[in-house]
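Nothing in this text is a laboratory measurement; each read-out follows from the coordinates by a stated rule. Everything numeric in this text was worked out from a predicted model, so none of it was measured. In this analysis, Cβ positions are derived from the backbone assuming ideal geometry, glycine residues included, and neighbour counts consider all displayed protein chains.
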Amino acid sequence: MKIKVKLTILFTLLTAAILFFFAFIIYYSAKKDREKEFFELLKKEAITKSNLFLKAKVPSEVLHNIYHNNRQTINEVEVAVYNQNKKLLYHDAVEIDFVKETDELFDEIQQKGFVIFYQDKWQVVGMNYVVDGNHYIVTAAALDEYGYSKMNNLLKNIILIYILSLLLIILSAFFFTNKAINPVKEITNKAKQISASNLDLRIELKSKGDELAELTTTINQMLQRLENSFDAQKNFVSNIAHELRTPLAAIITELEMAVDKVHTNE
């Protein structure tokens, strides 16, 4: 695998991981904020209806009418009020009671003073409430349809933006990696043109102070040393040839004279 491809893949994976981390943090924070805000809303609604019923002495029929009228347009909070003996005093809609209060739940509320939990997707709060020295147990539950809808839209937008960002990251990684590798390609192509017959060629130094400049300088210094070695070798061979030529010429002359001279058998 070429370095350009490796760098593109590594850059894409690293950036995608960082982007995913931030997207996860954003979604998780939004999810926790929605949950916290809705629990606070349930607590306020529980206190408001408890005050209307226990302090303002608003009749149950009026509160029921308000609940049913609001329920037709919004997902109204279902509130129930019990005395300290766990006897039901008021309930927004007993016939559609979603939260089934149990003795264990009542005991937990009385011990802790305030509890929050989920029942399916419904969020529920339970709390001790004191009015005129009397202790009551109040529960409130509702389904945050609007909040869940916003979270779903946020998740869809995050996924869409993440995919588009990945495409942009891949293109950017390919572009910048290509730009970073191009000088190396130029050095490689220039080095391929250099052979024993043209060791005087040098690679052009286009940058200064970076790794590519150091590489180019090192290669040029190596070529200079090779050229010096080849020149020394040529000079050595030339000197050897000159030194051998003189005695060989003398030997040849002696041999030719010996051939031309008449010899006796002895």
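List of remarks:
- For the chain, the mean residue ellipticity at 222 nm estimated from helices alone is -23000 deg cm²/dmol, where every DSSP H run of n ≥ 4 contributes -39500 (n - 2.57) and the total is divided by all residues, rounded to the nearest 500.
- Flagged links, alpha-carbon separation over 27 Å, of 87/150; 49/156; 44/150; 43/150; 57/121: 87/150; 49/156; 57/121
- Semi-axes of the equivalent ellipsoid for region 3-152, Cα gyration tensor, largest first, Å: 43, 17, 12
- Selected from 229, 171, 83, residue furthest toward positive end of dipole (the chain; charges at beta carbon): 171
- Charge dipole of region 161-208 (Cα centre as origin; +1 on each Lys and Arg Cβ, -1 on each Asp and Glu Cβ, all else neutral): 80 debye, rounded to the nearest 20.
- Shown here: region 150-266, whose C-alpha atoms stretch 126, 33, 16 Å along the first, second and third principal axes, sorted largest to smallest.
- Relative to one another, the C-alpha centroids of region 21-39 and region 189-266 are positioned 77 Å apart.
- Relative contact order [Cα under 8 Å, 6+ residues apart], the chain, whole percent: 18 percent
- Mean separation of Cα pairs under 8 Å and 6 or more residues apart, divided by the residue count, gives region 3-152 a relative contact order of 24 percent.
- Here r is the Cβ-Cβ distance between residue 253 and residue 230 and R0 is 41 Å; the resulting FRET efficiency, rounded to 0.05, is 0.75.
- A simple charge model with +1 on the Cβ of Lys and Arg, -1 on the Cβ of Asp and Glu and nothing else charged puts the dipole of region 53-162 at about 320 debye relative to its Cα centre.
- Gain upon complete extension [residue 190, residue 171; 0.36 nm per residue less C-alpha separation]: 4.0 nm
- The chain - charge dipole about Cα centre, Lys and Arg +1 at Cβ, Asp and Glu -1, debye rounded to 20: 560 debye
- Signed unit charges on C-beta, dipole axis of the chain, positive-most listed residue 136, 27, 149: 149
- With K and R counted +1 and D and E -1, the other residues having a Cβ less than 12 Å from that of residue 207 yield a net charge of -3.
- Proximal lysines relative to residue 206, as straight alpha-carbon distance under 27 Å, when same-chain residues fewer than 8 apart are discounted: 2, 4, 6, 179, 185, 190, 192
- Taking the convex hull of Cα positions in the chain, its mean projected area over all directions (nm²): 33.7 nm²
- Cut-off 13 Å between beta-carbons: net charge of the residues surrounding residue 129, Lys and Arg +1, Asp and Glu -1: +2
- Taking other C-beta atoms within 10 angstrom as a stand-in for reagent exposure, 151, 257 fall in the order 257, 151, fewest first.
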